[in-house]
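These notes are about the structure you will find just below.
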Amino acid sequence: MGKARKTRKIAEKRFAKMKKMISLSDPRIKESLRQSPKKKKPEDPHEMKVHEAPQISSALFFQYNTQLGPPYHILIDTNFINFSIKNKLDIIQNMMDCLFAKCTPYITDCVLAELEKLGQKYRVALRIIKDPRFERICCMHKGTYADDCLVQRVTQHKCYIVATNDRDLKRRIRKIPGVPIMYVSQHKYTIERMPDAYGAPK
């Protein structure tokens, strides 16, 4: 019993000593005993500075996206379908009226999953996108968040136009160069960021 108490006392003394020790660079120590601060390496003016920038797609030529052109490939978002139904607009016909060219609407697995989750209320939208004229795109990533999926796809492939009425998604896509946005406005389809060289509607 006495031995255990003795060892505990020794341990306490050691801990007290440890507690007493402070850093050598502490301002409470006299300046003469204080450790000098670490000197920063002087910058070499001849050294080459490395600046990392993301690789820009080869499809972008000045302000024009050379991969855009008829027949247009249009990625459709969930709310674009719902806005089209509310405004009684035929999706494919109105897309062609907007762009004056053949259009192929594309539906990703994420958008389809999002519509299925919304339930019976959106069964009309589900019936519309199961039309054989709508092309299906398989998603290989994890998760079913449609906005992330669309942003990722248009960042990788510059051949798409994104059809959406979602403000947040529009804001995110505007940051990606060379991707036009189609949306429903005043009972018709309108497009923004479409280069004049490709017959953008006035």
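A few points about this structure:
- Qualifying residues in the range 89-116 (those that are farther than 12 Å from Ile128 by Cβ and without any contact (Cβ under 8 Å) to a residue 24 or more places away in the chain) - the one least open to solvent (accessible area, probe 1.4 Å): Met96
- Residue match in the range 79-90 (condition: β-branched (Val, Ile, Thr) and at pLDDT 90 or above): yes
- Residues that are among the polar types (S, T, N, Q) and at pLDDT 90 or above do not occur anywhere in the range 120-138.
- Just so you know, in the range 30-57 the residues that are within 20 Å of the chain's Cα centre (by Cα) and of a type outside the set (A, V, I, L, M) include one that is most open to solvent (accessible area, probe 1.4 Å), and it is Gln55.
- Taking the range 117-130 as the range and being at positive phi and surrounded by 10 or more Cβ atoms within 10 Å (Cβ to Cβ) as the test, no residue passes.
- Consider the range 153-169 and keep the residues that are surrounded by fewer than 18 Cβ atoms within 10 Å (Cβ to Cβ) and part of a helix (DSSP H, G or I). The one that is nearest to the chain's Cα centre (by Cα) is Thr155.
- Evaluation of Ile173 against (1) without any contact (Cβ under 8 Å) to a residue 40 or more places away in the chain; (2) under 20 Å from Ala59 (Cβ atoms); (3) not in a helix (DSSP H, G or I) (one fails), failing number: (3)
- Single condition Gln93 does not satisfy, out of (1) in contact with a strand residue (DSSP E or B) (Cβ under 7 Å, 6 or more places away or on another chain); (2) of a type in the set (S, T, N, Q); (3) within 16 Å of Pro71 (Cα to Cα): (1)
- Residue within the range 131-152 that is of a type in the set (Asp, Glu), assigned to a helix (DSSP H, G or I) and open to solvent by 10 Å² or more (accessible area, probe 1.4 Å) present: yes
The values are calculated or read from the model by the stated rules, or taken from the named source; none is laboratory data. As the structure is a prediction and not an experimental result, all values here were calculated from the model. Neighbour counts run over all protein chains shown; Cβ positions are idealised from the backbone, glycine included. Keep in mind that these areas ignore ligands, DNA and RNA; they rest on the heavy atoms of the full protein, side chains included. Shrake-Rupley method; radii C 1.70, N 1.55, O 1.52, S 1.80 Å.
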